[in-house]
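*Asks:* Take a look at this one; I'll ask things after.
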Amino acid sequence: MMARRPLIAGNWKMNGLKADGVALAEAVARKVKAGPAPADVLICPPATLVDRVAQTVAGSGVAVGGQDCHAVQSGAHTGDVAAAMLKDLGASHVILGHSERRTNHGETNATVRAKAEAAHAAGLVVVVCLGETEAERDAGRTISVVESQFKESLPSGTNADNTVIAYEPVWAIGTGRTPTNAEVAEVHAALRASAAKVLGAAVADRLRILYGGSMKPSNARELLAIKDVDGGLIGGASLKVDDFWAIVEASR
Ligand code: PEP
């Protein structure tokens, strides 16, 4: 098995105005520059800040991503943002299929797949989120849910360079609750096996599978040490540089 370099990604969600967004980005860039960081570092500000944040971190090694994009490259889609627009602002990544978008905007696996196709075409790396609801876990359906999300959300042409997977149990996002280490290990192993089946063993071996859902400084080391966990997607704790950086350090 090849060693996969961890990726620690911050999802700022709908938080940040110009001044605080730039200050947070500057602080993260300073940490990375003081490095060497033990992980690749990605920050995903709201679309309104991608431009400024990308300019702020330019040359630091910090990557910048959007939190969503449309499935087509331009046209009559009021309020939406195209993948090429994110790329044009300096983004290299885009989060797709976050549970908040699946829930609040009715995104299906097919929507996520179409968006991923557009993002790949624009040259962005996609961070595809998947995970079970609490009811699905209680019904013993976790593995079958994430396996079908994996199969149905990824477009042809998916590889380990243009795609990252984030396993985010819906019930763990923003709640302070996390699965047990054994539960995380079980899902990540199942996703690695799905990747081997769908994308081939060589791609599966290189594909980064992040864990997300209430990761914080106090639990990051344990979660990041689990086999097949190749980093984290961090919501709340990515809004404070000290917390975010403690998680980056925990991947060491
Ligand atoms: C997320 O929204 O992707 C997330 C993991 O949030 P939190 O860390 O706040 O649970």
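*Asks:* What are the residue pairs meeting all of these: first residue in the stretch 199-219, first residue farther than 16 Å from residue 12 by Cα, second residue at pLDDT below 95 and away from the ligand (no atom under 14 Å from the Cβ), Cβ atoms under 9 Å, and 6 or more apart or on different chains?
*Replies:* From the stretch 199-219, the pairs are 205/1; 205/2; 206/2.
*Asks:* Could you say which residue among 212, 232 is open to solvent by less than 40 Å² (accessible area, probe 1.4 Å), in contact with an Asp or Glu (Cβ under 6 Å, 6 or more places away or on another chain) and within 16 Å of the ligand (Cβ to nearest atom)?
*Replies:* Details: 232 fails: in contact with an Asp or Glu (Cβ under 6 Å, 6 or more places away or on another chain).
After applying the criteria, what remains is 212.
*Asks:* To continue, here is another question. May I ask you to list the residues in the stretch 235-252 that are more than 12 Å from the ligand (Cβ to nearest atom), open to solvent by less than 30 Å² (accessible area, probe 1.4 Å) and part of a helix (DSSP H, G or I)?
*Replies:* Correct list: 245, 248, 250.
*Asks:* Here's another thing I want to ask about it. Quick one: in the stretch 1-21, of everything that is open to solvent by 90 Å² or more (accessible area, probe 1.4 Å) and at pLDDT 95 or above, which residue is farthest from the ligand (Cβ to nearest atom)?
*Replies:* Applying the filter and picking the extreme gives 18.
*Asks:* Can you list the strands (runs of 3 or more DSSP E) found entirely within the stretch 44-149 that contain at least 2 residues being crowded, with 20+ Cβ neighbours inside 10 Å and of a type outside the set (Gly, Ala, Ser)? I'd like the intermediate steps shown before the answer.
*Replies:* On the way: elements: 63-66, 93-96, 125-130.
Result: 93-96, 125-130.
*Asks:* For residue 176, indicate whether it is open to solvent by less than 10 Å² (accessible area, probe 1.4 Å) and of a type outside the set (A, V, I, L, M, F, W, C).
*Replies:* Considered against the rule, which asks whether it is open to solvent by less than 10 Å² (accessible area, probe 1.4 Å) and of a type outside the set (A, V, I, L, M, F, W, C), residue 176 comes out as no.
*Asks:* Looking only at the stretch 215-229, how many residues end up being out of contact with any helix residue (DSSP H, G or I) (no Cβ under 8 Å at 6 or more places or on another chain) and open to solvent by 30 Å² or more (accessible area, probe 1.4 Å)?
*Replies:* Within the stretch 215-229, the subset out of contact with any helix residue (DSSP H, G or I) (no Cβ under 8 Å at 6 or more places or on another chain) is 218-219, 225.
Pick out the ones that are also open to solvent by 30 Å² or more (accessible area, probe 1.4 Å) and you get 218, 225.
Result for the stretch 215-229: 2.
*Asks:* Here is a further query. May I ask you to verify whether residue 161 is closer than 24 Å to residue 4 by Cβ, open to solvent by 50 Å² or more (accessible area, probe 1.4 Å) and out of contact with any helix residue (DSSP H, G or I) (no Cβ under 7 Å at 6 or more places or on another chain)?
*Replies:* On the way: closer than 24 Å to residue 4 by Cβ: yes; open to solvent by 50 Å² or more (accessible area, probe 1.4 Å): yes; out of contact with any helix residue (DSSP H, G or I) (no Cβ under 7 Å at 6 or more places or on another chain): yes.
So residue 161 passes the test.
*Asks:* Then there is this: Any chance the stretch 31-38 includes a residue that's under 25 Å from residue 211 (Cβ atoms), of a type outside the set (S, T, N, Q) and loosely packed, with under 14 Cβ neighbours inside 10 Å?
*Replies:* Yes, some residue in the stretch 31-38 is under 25 Å from residue 211 (Cβ atoms), of a type outside the set (S, T, N, Q) and loosely packed, with under 14 Cβ neighbours inside 10 Å.
The values are calculated or read from the model by the stated rules, or taken from the named source; none is laboratory data. Predicted, not measured: the structure shown is a model, and the values here were computed from it. As a convention, Cβ positions derive from the backbone with ideal geometry for all residues, glycine included, and neighbour counts pool all protein chains shown. Just the protein is used for accessible areas: all its heavy atoms, side chains included, with ligands, DNA and RNA removed. Shrake-Rupley method; radii C 1.70, N 1.55, O 1.52, S 1.80 Å.
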